[in-house]
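Quick note: the coordinates plus some simple rules give every number you see, no bench work behind them. Bear in mind that the values here come from a model prediction, so they are computed numbers and not experimental data. Cβ placement follows ideal geometry from the backbone for every residue including glycine, while neighbour counts extend to all protein chains displayed.
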Amino acid sequence: MAARRKGRILAFQALYAWDVSKIPLAELLDFSWLGDEKRERLGDDGIAFPRLMIAGTIEHIDEVDALIKEHLTNWDFDRLNKVDLAILRMSVYSLLYQADVHPSIVIDEAIDISKEFGSDDSFRFINAVLDNIRKKSKGSPAP
């Protein structure tokens, strides 16, 4: 489970970098931004999961962002904190496209990552948005 957690953190960091500095997808997926030593420690298996999350999230970014916008209450999408947005994006992608990962795990991991990297109240906001998305999509088939 620790490997998946590290993978989610890498995916979050890459999605944040993509949003803030528009780093090209190919550069994100080769993990050159990690540094050689860390990349070697992770190995091919260690970067396969975050690579899938990064590529999948960006590939489906319009659908992911639309779902986030739909579940924001009294909040403007363009004013979202970039850290929170990166966490939301990868989590919504997981909820939609990673049927092998239970929704409660996706939400719990998002909360934990937001507690580590977000602002003091990020985890409450992220929990509320993801929980609403989970409740709404529970009854509908996965795309």
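Here's the list of lysines a cross-link from K22 could span, going by alpha-carbon distance under 28 Å and ignoring same-chain residues fewer than 8 apart: K6, K38, K69, K82, K115.
Placing dummy labels 7 Å off each Cα toward the beta-carbon, the span from L29 to L52 is 1.5 nm.
Site pair D108 and K38 shows an inter-label distance of 2.6 nm when each label is modelled 7 Å from Cα along Cα→Cβ. In the chain, helical runs assigned H by DSSP with n ≥ 4 each contribute -39500 (n - 2.57); averaged across all residues and rounded to the nearest 500, the mean residue ellipticity at 222 nm is -25000 deg cm²/dmol.
The string of couplings for the range 46-63 from the Karplus curve (6.51, -1.76, 1.60, θ = phi - 60°) is x, 9, 5, 5, x, 4, 4, 5, 5, 4, x, 4, 5, 4, 10, 4, 5, 5 Hz, one whole number per residue in order, with x for Gly and Pro. Here are several values of Kirkwood radius over Cα pairs in Å: (i) 16.8; (ii) 15.3; (iii) 15.7. Which one was derived from the coordinates shown? Only one option fits the structure, namely (ii). Applying the Karplus relation 6.51 cos²θ - 1.76 cosθ + 1.60 with θ = phi - 60° to the range 24-37 yields 3J(HN,Hα) values of x, 4, 4, 5, 4, 6, 8, 6, 4, 5, 7, x, 4, 4 Hz, where x marks Gly and Pro. Evaluated with a Cβ-only charge set (Lys, Arg +1; Asp, Glu -1), the chain carries a dipole of roughly 340 debye about its Cα centre, given to the nearest 20.
Net length available on complete extension from S21 to A2 is 4.0 nm, with 0.36 nm assigned per residue and the Cα-Cα distance removed. Simple point charges give the picture: +1 on the Cβ of Lys and Arg, -1 on the Cβ of Asp and Glu, and for the range 33-102 a dipole about the Cα centre of about 200 debye. What is the Cα centroid distance between the range 50-65 and the range 77-143, reported in whole angstrom? Result: 13 Å between the Cα centres. What the phi angles of the range 7-20 give under the Karplus curve with 6.51, -1.76 and 1.60, with θ = phi - 60°, is a coupling list of x, 5, 5, 4, 4, 4, 4, 5, 5, 4, 4, 4, 6, 7 Hz, glycine and proline written as x. Loop-resident trypsin sites (Lys or Arg not before Pro) (DSSP state other than H, G, I, E or B) in the range 1-38 with no more than 11 further Cβ atoms inside 10 Å of their Cβ: K22.
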